[in-house]
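Inspection log for the structure reproduced underneath, given as structure tokens.
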Amino acid sequence: MSLNINATTMTYTLKWLESPIPLTTGTVTPTRAGTTITGSVAHPPAGTLPTAEQTRCAFVLMPGSGTAPATNSTYSTAADFNQANPPMILIGFGVAGGGIPGATIQYSGLTIIPGVLQNIGQVPQRHFDFYPFLGFANTTTDLSKLPGTYNALIYHTVPSSSYAAKATNSNETFDANGACTSTSASGCLTTGNPWTAGSNGYFNSTQAPQILPQTQLPLIGATGKSAVAHMVLGQLNGATVPVVVRTGNVNLGTPPLHTDAQVDDESGIAVLGLAKAIAAGGIDGGYAGADSNFKYTATVIKGTTGTFVNPSTQQAETGFALDYGQSTPGLLGVTTTDTSAPGFVIASGGLYAALVQGTVNGGITQSSAIAGQTPSAPYFGVGAQVSK
């Protein structure tokens, strides 16, 4: 997606270049892809963030609207706007993090043979206050910036599997042609076919890898991987920071048997950092962003100690220890101090990402969960450096 915020007129324009999110609750297609909305922005209330400067650099995306080309009708985010946990963009040094407008997702599934084969691909109703966002002031379409070996932290979810989620890490090497190799038995987990340049400033990889079980449709001869991964090459403080978004794909096909269906609704994000050793203290500072708990979060790192901080209350939340031993260069081990949950941190150019195989910071925001059903683990968070 592309986002432009005008801090003079206090307005924004947002365009979804790709999206797995349906335009209408109760459906799976068409999605928000290609839709542009406009609206106003506002700074969060005083006290929401730690300092006046951070408040000045934060923008709440108020409800927006625009015409959806897929339906030629008006699309609005007003119905899903939660004033208590709104979509908000936090501007850092050359990078922005936070959340973009959420949605309410639900689909009853397909009925192929009533009473026998029905509710195929059902998606339980779930509201999302916002979707985590990461954007760069500068990106490049120069593929020669990519080659090298990277550590990837990956978080995916499958709506048709009751929003099952999985997080993992991968060590991947890219060549000058955009092809990916890995020494892991599972192969590359961010990239399918070699990356090719698209028309919107990012790269595409077909046959994007899956890390979770999928809904099988058609019931015989399912097509498997039909989703595409999209990679942005962020340019940040002299570093190339690849971010990969896997956009789930759903094409229900032709009734009554839907034998031409394509269902691969696994979506997610991967942040990559160059596999280069990080010295103790090398990523010290304060970071602000959003996470898989659908919360805004701050993180303070100093040496071998990290602490998640509630940005509104300034209260310390989950703490963690950082291991700079790095059997894989650039991949820092993490252990939470409360439950000893393991994980990893990577950082590059003033951007950091954390993956924890456990519950962090009290778990998922209940306004973005299915009560009693949505797990808080694993955890994935990204943040832009806002202080040193």
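The values are calculated or read from the model by the stated rules, or taken from the named source; none is laboratory data. This is a predicted model, so every value here is computed, not measured. Backbone-built Cβ (ideal geometry, glycine too); neighbour counts: all protein chains shown.
Taking the options Gly102, Gly97, name whichever one is of a type outside the set (S, T, N, Q), touching an Asp or Glu at 6+ places or on another chain (Cβ under 8 Å) and either in contact (Cβ under 8 Å) with a residue 60 or more places away in the chain or closer than 30 Å to Leu252 by Cα (or both).
On the way: Gly97 fails: touching an Asp or Glu at 6+ places or on another chain (Cβ under 8 Å).
It is Gly102.
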Worksheet item: Pro209: without any contact (Cβ under 8 Å) to a residue 40 or more places away in the chain and closer than 16 Å to Gly268 by Cα, yes or no?
Response: yes
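Taking Leu146, is it touching a Pro at 6+ places or on another chain (Cβ under 8 Å), surrounded by 19 or more Cβ atoms within 10 Å (Cβ to Cβ) and not assigned by TED's automatic domain parsing to the domain that holds Val243? So that I can check it myself, show each step before the final result.
On the way: touching a Pro at 6+ places or on another chain (Cβ under 8 Å): yes; surrounded by 19 or more Cβ atoms within 10 Å (Cβ to Cβ): yes; not assigned by TED's automatic domain parsing to the domain that holds Val243: no.
The answer is no for Leu146.
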Worksheet, complete the sentence: Per the list (1) closer than 24 Å to Thr139 by Cα; (2) of a type in the set (A, V, I, L, M); (3) not in a strand (DSSP E or B), residue check on Leu3 breaks on (3)
Discussion item. I'd like to know if the range 186-195 contains one or more residues that are hydroxyl-bearing (Ser, Thr, Tyr) and outside any loop (DSSP other than H, G, I, E, B).
Written reply: no
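Given the criteria touching a Leu at 6+ places or on another chain (Cβ under 8 Å) and not β-branched (Val, Ile, Thr), does Asp142 qualify? Break it down stepwise before answering.
On the way: touching a Leu at 6+ places or on another chain (Cβ under 8 Å): yes; not β-branched (Val, Ile, Thr): yes.
When the stated conditions are applied, Asp142 passes them.
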Worksheet item: Which is at pLDDT 90 or above and in contact with a Lys or Arg (Cβ under 7 Å, 6 or more places away or on another chain), of Ile100, Ile105, Ile89?
Response: Ile105
Worksheet entry | Matching residues in the range 368-388 - criterion: being within 18 Å of the chain's Cα centre (by Cα) and over 19 Å from Gly303 (Cβ atoms) | Ser368, Ala369, Thr374, Pro375, Ser376, Ala377, Pro378, Tyr379, Phe380, Gly381, Val382, Ala384
Discussion item. Just checking, does the range 159-168 include any residue being touching a residue at least 60 places away in the same chain (Cβ under 8 Å), part of a loop (DSSP other than H, G, I, E, B) and not assigned by TED's automatic domain parsing to the domain that holds Arg126?
Written reply: yes
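If I ask for residues that are surrounded by 15 or more Cβ atoms within 10 Å (Cβ to Cβ) and modelled with pLDDT under 95, which ones from the range 182-199 would you list? Working first, answer last.
Taking the range 182-199 as the starting set, the residues that turn out to be surrounded by 15 or more Cβ atoms within 10 Å (Cβ to Cβ) are 182, 188-195, 198.
Once the filter is applied, which keeps residues that are surrounded by 15 or more Cβ atoms within 10 Å (Cβ to Cβ) and modelled with pLDDT under 95, the range 182-199 yields only Gly198.
Could you run through the range 280-293 and say how many residues are within 13 Å of the chain's Cα centre (by Cα) and buried (at least 24 other Cβ atoms within 10 Å of the Cβ)? It would help to see each step written out before you state the result.
The initial filter retains those residues of the range 280-293 that are within 13 Å of the chain's Cα centre (by Cα), namely 289-293.
Next cut, buried (at least 24 other Cβ atoms within 10 Å of the Cβ) only: 289-292.
Qualifying residue count for the region: 4.
Looking at the range 357-388, which of its residues are in contact (Cβ under 8 Å) with a residue 12 or more places away in the chain and of a type in the set (A, V, I, L, M, F, W, C)? Before the answer, list the steps.
We begin by selecting, within the range 357-388, every residue in contact (Cβ under 8 Å) with a residue 12 or more places away in the chain; these are 357-365, 367-370, 373-388.
If the condition is that a residue be in contact (Cβ under 8 Å) with a residue 12 or more places away in the chain and of a type in the set (A, V, I, L, M, F, W, C), then Val360, Ile364, Ala369, Ile370, Ala377, Phe380, Val382, Ala384, Val386 are the ones that fit.
Which residue, of Pro213, Pro209, is out of contact with any strand residue (DSSP E or B) (no Cβ under 6 Å at 6 or more places or on another chain), crowded, with 17+ Cβ neighbours inside 10 Å, outside the structural domain of Ser367 (by TED's automatic domain parsing) and not in a strand (DSSP E or B)? Before you say what the answer is, go through the steps one by one.
Numbers: Pro213 fails: crowded, with 17+ Cβ neighbours inside 10 Å.
Going through Pro213, Pro209 in turn, just one is out of contact with any strand residue (DSSP E or B) (no Cβ under 6 Å at 6 or more places or on another chain), crowded, with 17+ Cβ neighbours inside 10 Å, outside the structural domain of Ser367 (by TED's automatic domain parsing) and not in a strand (DSSP E or B): Pro209.
Listed here are the residues, each with its yes/no results for (1) within 20 Å of Ser162 (Cα to Cα); (2) surrounded by 18 or more Cβ atoms within 10 Å (Cβ to Cβ).
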| site | (1), (2) |
| --- | --- |
| Pro255 | no, no |
| Val263 | yes, yes |
| Ile269 | yes, yes |
| Ile278 | no, yes |
Worksheet item: Taking the range 357-371, which residues are among the polar types (S, T, N, Q) and in a loop (DSSP other than H, G, I, E, B)?
Response: Gln357, Thr359, Asn361, Thr365
Worksheet item: What tally of residues in the range 266-293 results from selecting those that are hydroxyl-bearing (Ser, Thr, Tyr) and either under 18 Å from Ser348 (Cβ atoms) or free of Cβ contacts under 8 Å to residues at least 60 places away in the same chain (or both)?
Response: 1
Worksheet entry | When residues of the range 232-250 are limited to those that are more than 18 Å from Gly330 (Cα to Cα) and under 12 Å from the mean Cα position of the chain (by Cα), the one surrounded by the most Cβ atoms within 10 Å (Cβ to Cβ) | Arg246
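Counting only residues that are free of Cβ contacts under 8 Å to residues at least 12 places away in the same chain and either outside the structural domain of Lys166 (by TED's automatic domain parsing) or surrounded by 15 or more Cβ atoms within 10 Å (Cβ to Cβ) (or both), give me the strands (runs of 3 or more DSSP E) lying completely in the range 294-356 with at least 2 of them.
Passing ranges: none, list empty.
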